[in-house]
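For reference, the structure discussed in these notes is given below.
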Amino acid sequence: MSFTPKGIVVPIVTPLTREGAFDEKAYRGLIDYLADNGIYGVFPFGTTGEFYAFDQGFYNHILEVTKDAVRGRMAIYAGANNITTKGAAAIAKAVEKVGGIDALSVLTPMFISQTQQEVYDYYKEIAAETSLPIIIYNNRPKTNVTVEPRTVAKLAEIDNIIGVKDSTGDMTNSEEYIRLTRGMGFHVLMGRDTLIYAGLCYGASGAIASCANVAPRIAADIYDKFIAGDREGALEAQFRLAPLRIATNMGTFPVALKEALKMIGHDCGDCVRPIQPLSPEQRENLRQVLAGMGLL
């Protein structure tokens, strides 16, 4: 397909008011912040966007706001995540109906465990229900479900399955995705922010990086400098970003990112309960990380 996923893509947080309503002003401000700092794409309703907490009507509204706020400055990705094939396909159709979306990220089912044949059929059947380009999303640490490299290679033969986001944190897995799909017009996006540089060295086309919500320019520098041939600069940017990714292990994901955004002047509210704010000690540790990155 004509769309090429590349560069640094941000799985954008979902800003909320104290009452739990969508904070559109904060969302538009965050999109401007990302666009002004070299981000290639924005991805509402990923794991970082707490997709599991909202209904389809809420989602459709955010997609419409996203299109209006982006104004062609970045690509727009959208999540289609559900336990069942039917449910994920229904979300895919709803996203396609909204229009103006460049690609669809489809997470493996959650809670239930599948064989690799079931995983293959899941993606094949969803791909048949939409004309949108699809990016497989493997987040095994969260779902306890994986998409093995041989399964990805087989799925890469389907016309509108164009890539995979690998959030396993397993560099061998990422390398095998890349090795087995060489020459197929298929793209591997890193989903672990500490491994962006490593993935680019192997041939990944970019990353979907949650920490880029907070540090978009640093994240974009990893990719931009690498592509420009400045390997030393790209690696230095990777080392600058790493402490923030490690700091997200404080609290329940993505609370550290929302707290960090508040600290740098982009108040996107709190996470949906039962996720609770960081402790005072954790908050101070996070502040020190941001100061060390030059963000405060």
Segment 1-98: trypsin sites (Lys or Arg not before Pro) in DSSP coil with no more than 10 other Cβ atoms inside 10 Å: 18, 71
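Classify segment 7-238 from the C-alpha gyration tensor, please: rounded if a/c falls under 1.5, else prolate or oblate depending on whether a/b exceeds b/c. Let's see the in-between values first.
Values: a/c = 1.66, a/b = 1.02, b/c = 1.62.
Oblate.
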Mean-position separation - Cα centroids, segment 220-263 and segment 179-201, in angstrom: 17
Among beta bridges that DSSP assigns inside the chain, antiparallel share in %, nearest 5: 5
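Longer than 23 Å from Cα to Cα, which of 142/258; 86/142; 6/258; 225/262; 86/124; 225/258 are they? Say none if no pair is. Please report the intermediate quantities before stating the final value.
Details: 142/258 19 Å; 86/142 21 Å; 6/258 25 Å; 225/262 28 Å; 86/124 12 Å; 225/258 27 Å.
Violating the 23 Å Cα-Cα cut-off are 6/258; 225/262; 225/258.
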Within straight-line cross-link reach of residue 25, aspartates and glutamates at Cα separation under 12 Å, skipping those fewer than 8 residues along the same chain: 267
Furthest towards positive pole of dipole, 187, 119, 49, structure part the chain, Cβ charges: 187
Whole-number percent relative contact order across the chain, with pairs defined as alpha carbons under 8 Å at least 6 apart: 19
Charge dipole (the chain, unit charges on Cβ, about Cα centre) - positive-most of 286, 207, 84: 286
Most fluctuating residue given options 11, 280, 149, as computed from a GNM of the chain linking Cα atoms under 10 Å: 280
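Each value in this text was obtained by applying a stated rule to the coordinates, not by laboratory testing. Model, not experiment: these values are computed from the prediction. Cβ: placed from backbone, ideal geometry, glycine included. Neighbour counts: every protein chain shown.
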